[in-house]
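In what follows, a single structure is set out as structure tokens and then discussed.
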Amino acid sequence: MPGKSLDIEALKAFSPLNGLKAENLRALSEKTSVQEIPGGRFLFRKGDTDRRTIYLVSGEVELRDGDRLLSVIEGGTPDARSPLSPGLPRRASARARSRVEFVAIDSDLLDVMLTWDQTGTYEVSELRAGNLPESDDWMTTLLQTKAFHRIPAANIQAIFMRMQQVNFKAGDVVIKQGDEGDYFYVITDGRCAVTRETPLNKEGIKLADLGPGDTFGEEALISHAKRNATVTMVSDGSLMRLGQEDFNTLMNEPMLQWVDFEQASRIVASGGQWIDVRLPSEFESFHQEGAINIPLYFIRLKLKTLDPAKPYVVCCDTGRRSSAAAYILSERGFDAHVLRGGLTMADIESR
């Protein structure tokens with residue numbers, strides 16, 4: 001049974017949600033509901049790998065390692081501001097001591113929103129001077145899609161920078177079935193209809209209606225095949241398009257130096273440095289020993305404090321924000337590596 005919704009002010013009580021911009025908090029609140037379980041039930045068990053970020057709203061939860069009680073978290077207290085046992089696999093079991101209310105947020109969605117929030121200030125200001133439309137609602141919609149969760153965040157800014165805006169009138173054909181693929185498209189304003197011609201229906205069978213934030217055109221680019229459908233404007237509108245070469249390079253061929261935890265440790269032991277780009281509240285909750293904390297949104301401002309001769313291993317909780325930071329560092333000549341899978345997948349002894 002669906003739970004009650006949680007408003008924006010309630011979400012602000014949790015870290016790092018309190019760092020999100022209003023529009024992303026609003027989008028998150030629409031996808032988040034409060035769930036309830038009775039005392040004695042488990043929210044999750046040690047070893048679980050379900051990618052959910054769980055916050056306690058009310059009641060008391062025990063964090064346990066087998067029969068050993070590690071701590072008791074009470075809703076509404078400072079301890080409840082952070083997610084319950086955020087690392088994966090879970091390092092503890094969470095058992096409701098009383099009736100509890102909690103929220104479970106898709107971890108990938110949250111991480112995309114945090115990444116966009118912390119890079120978006122630069123991107124939007126740079127892109128507004130170029131060819132992006134005034135509203136960025138379509139960006140938020142696009143970044144919430146599962147497809148975009150699979151794209152390294154380091155490439156997000158370059159993707160938007162290289163997109164071109166094109167305007168269409170109602171009735172215009174954007175792509176035609178049977179043509180060669182040339183662009184990947186994102187709808188920013190207006191609506192499109194997707195149709196496919198068959199031997200029995202030359203007029204075309206309607207496959208879908210698309211609106212702002214929806215994308216199309218990628219299949220032909222990935223498969224190097226001809227367009228398998230026709231997309232026609234239902235209303236006047238605007239699209240952003242990305243050329244085939246940029247699409248293949250930025251969306252299919254990540255160009256970062258990814259390392260696992262063992263490789264990262266060797267780099268640091270040989271004179272390198274950990275850079276943790278999460279928010280200070282996340283860093284204080286747990287971090288790798290010896291790491292310096294430079295939140296992603298500060299990375300450009302702190303470049304002069306870094307040593308160009310030193311290799312850096314950039315980390316966050318999943319690898320998404322750290323890949324964005326490493327992209328910025330690499331663009332400016334730093335030897336930057338990204339911890340694959342992030343801290344949630346690493347065995348961190350300092351917790």
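Bear in mind these aren't lab numbers, they're just calculated from the coordinates by the rules spelled out. The structure presented is a predicted model; accordingly, all values stated were derived computationally and were not measured. All Cβ positions, even for glycine, are placed from backbone atoms using ideal geometry, and neighbour counts span all protein chains on display.
When the C-alpha to C-alpha distance is required to be over 23 Å, the pairs from K176/K206; K206/K226; K31/K302 that qualify are K31/K302. Put simply, the amide H of S15, placed in the peptide plane, has neighbours under 5 Å in S82, leaving out anything fewer than 5 places away on its chain.
Can you give me the long-range amide H partners of A92? Hydrogens built in the peptide plane at 1.01 Å from N, cutoff under 5 Å, separation of 5 or more residues or another chain. Those lying under 5 Å, H to H, from A92 are G47.
Of the GluC sites (Glu not before Pro) found in segment 210-302, those in coil by DSSP whose Cβ has at most 11 other Cβ atoms within 10 Å are E289. Each residue of segment 27-37 was assigned a 3J(HN,Hα) from its phi angle through the Karplus expression (A = 6.51, B = -1.76, C = 1.60, θ = phi - 60°), giving 5, 5, 5, 5, 9, 10, 9, 7, 10, 9, 9 Hz with x at Gly and Pro. Ranked by the mean number of other Cβ atoms within 10 Å of their residues, highest first, the peptides 162-168, 204-210, 50-56 fall in the order 50-56, 162-168, 204-210.
Regarding segment 8-106, what's the average projected area of the Cα-atom convex hull, expressed in nm²? Mind showing how you got there, number by number?
On the way: hull surface 23.0 nm².
Across all orientations, segment 8-106 yields a mean hull projection of 5.8 nm².
Here the Karplus relation 6.51 cos²θ - 1.76 cosθ + 1.60, evaluated at θ = phi - 60°, turns the backbone of segment 234-246 into coupling constants of 8, 9, 4, x, 10, 10, 10, 10, 10, x, 4, 5, 5 Hz, with x for every Gly and Pro.
Where a ≥ b ≥ c are the square roots of the eigenvalues of the C-alpha gyration tensor, would you call segment 258-345 rounded, which needs a/c under 1.5, or, failing that, prolate if a/b is larger than b/c, or oblate?
Values: a/c = 1.40, a/b = 1.08, b/c = 1.30.
Taking the square roots of the gyration eigenvalues as a ≥ b ≥ c, segment 258-345 is rounded.
Take each peptide in 74-80, 62-68, 319-325, count the other Cβ atoms within 10 Å of every residue, and average; sorted highest first, the result is 319-325, 74-80, 62-68.
How do the peptides 334-342, 302-310 rank, highest first, by the average count of neighbouring beta carbon atoms within 10 Å per residue? Could you put the intermediate results ahead of the total?
Working: 334-342: 22.3, 302-310: 11.0.
Most protected by this proxy first, the peptides run 334-342, 302-310.
Each label was represented as a point 7 Å from its Cα along the Cα-to-Cβ direction; for E74 and A13 these points are 1.4 nm apart.
At what distance in nm do the modelled label points of R91 and E289 sit from each other, each positioned 7 Å from its Cα along Cα→Cβ? The two pseudo-label positions are separated by 1.3 nm.
Phi-derived couplings, Karplus 6.51 cos²θ - 1.76 cosθ + 1.60 at θ = phi - 60°, listed residue by residue for segment 73-79: 9, 10, x, x, 9, x, 5 Hz, with x used for Gly and Pro. For G204, nonlocal amide neighbours, meaning residues 5 or more places apart or on other chains whose placed amide H falls under 5 Å from its own, are T198.
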